[in-house]
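Down below is the structure, laid out as structure tokens.
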Amino acid sequence: MGRLPARMLRVLPSHRRARVYRRAPRTAAALVLALVLILALSACGDSHTRVSTGTYAGESGENAPYLDVGPLVYEVQLSRQLNPVDSEDATYLRGLTADERKLGPKQEWFAVFLQVFNHSDQAHPAATNISISDTQGTSYIPVIPDQTNPFAYQGGSVPSAGRIPPLNSVASSGPTQGALLLFKINVVSLDNRPLELKLVDPENPGESATAELDV
């Protein structure tokens, strides 16, 4: 309720005038409080909780949380051991040199399939500083197949609203729907679980995220 015109106030008793004047500030304060609440609720709706750690449960049906690494978001689709004599797994080893294909007597192939999303309004480079490690501190970096492997994660620039692997690519249409990170690991590391994936932001090396992997 607004203030009454002065000529109307003059005809009111003094105690009525005081009541009218007190009501206006109270109404204004209520309007300010309502506006603050609306702005606070709007801010909550636009907020995004950044995630830098998470567990991947794999075969139990639970996926890893989306991991924020700089301006990009990463999600592990699947992680598992590879069998080179299996027809599907053999395709994941395409693009390796003869020396790269060789495994030591106590080594085996381990694959992580990853998706990357860019929800920002400009292009950003995808992580290339990537590793997995076991509980004893043994760390592994990926073996990178050449361009003849359509599943291989190659990093590179991810355009605004883009993703890795690109939609309608061989990798995105494949069984895992993710880009391949290929590792040679020691068999003993499978006993030293959980394995942990680490991704480092190429634009800010001080920022990284980790996720436990299914084996």
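The values are calculated or read from the model by the stated rules, or taken from the named source; none is laboratory data. Since the model is a prediction, treat every value here as computed from it, not as a measurement. Methodologically, a virtual Cβ is constructed for each residue, glycine included, from the backbone with ideal geometry; neighbour enumeration extends over all protein chains shown. Quick note on the areas: whole protein, heavy atoms, side chains included, nothing else; ligands and nucleic acids left out. Shrake-Rupley method; radii C 1.70, N 1.55, O 1.52, S 1.80 Å.
Across the stretch 161-215, the mean sequence separation of Cα contacts (distance under 8 Å, 6 or more residues apart), normalised by length, yields a relative contact order of 22 percent. Counting only heavy atoms of the protein chains and using a 1.4 Å probe, L190 has close to 20 Å² of accessible surface. Mean sequence separation of contacting Cα pairs (under 8 Å, at least six apart), scaled by the length of the stretch 110-163, corresponds to a relative contact order of 53 percent.
For E100, neighbours were defined as the other residues whose beta-carbon sits under 12 Å from its Cβ, and their charges (Lys and Arg +1, Asp and Glu -1) total +2.
Accessible area of K198 (1.4 Å probe, protein heavy atoms only, ligands and nucleic acids ignored): about 90 Å².
A Förster distance of 30 Å, applied to the separation of the beta-carbon atoms of T97 and Q122, puts the FRET efficiency at 0.25. Annotation: amide H-H contacts under 5 Å for A152 (H modelled 1.01 Å from N, sequence separation of 5 or more, or interchain): L180.
Entry note, the stretch 117-215: relative contact order of 34 percent, from Cα contacts under 8 Å with a spacing of 6+ residues.
To the nearest 10, the accessible area of L197 is 0 Å² with a 1.4 Å probe. For the pair S52 and A90 in one chain, pulling the backbone fully straight at 0.36 nm per residue adds 10.4 nm over the alpha carbon distance. Entry comment: accessible area of the stretch 76-181 is 50 Å² per residue, from protein heavy atoms only and a probe of 1.4 Å.
Remark: spin-label model distance L190-E203 equals 3.9 nm, labels positioned 7 Å along the Cα→Cβ axis.
When the solvent-accessible area of the stretch 139-215 is split by element, carbon and sulfur atoms take up 50 percent of it, the probe being 1.4 Å.
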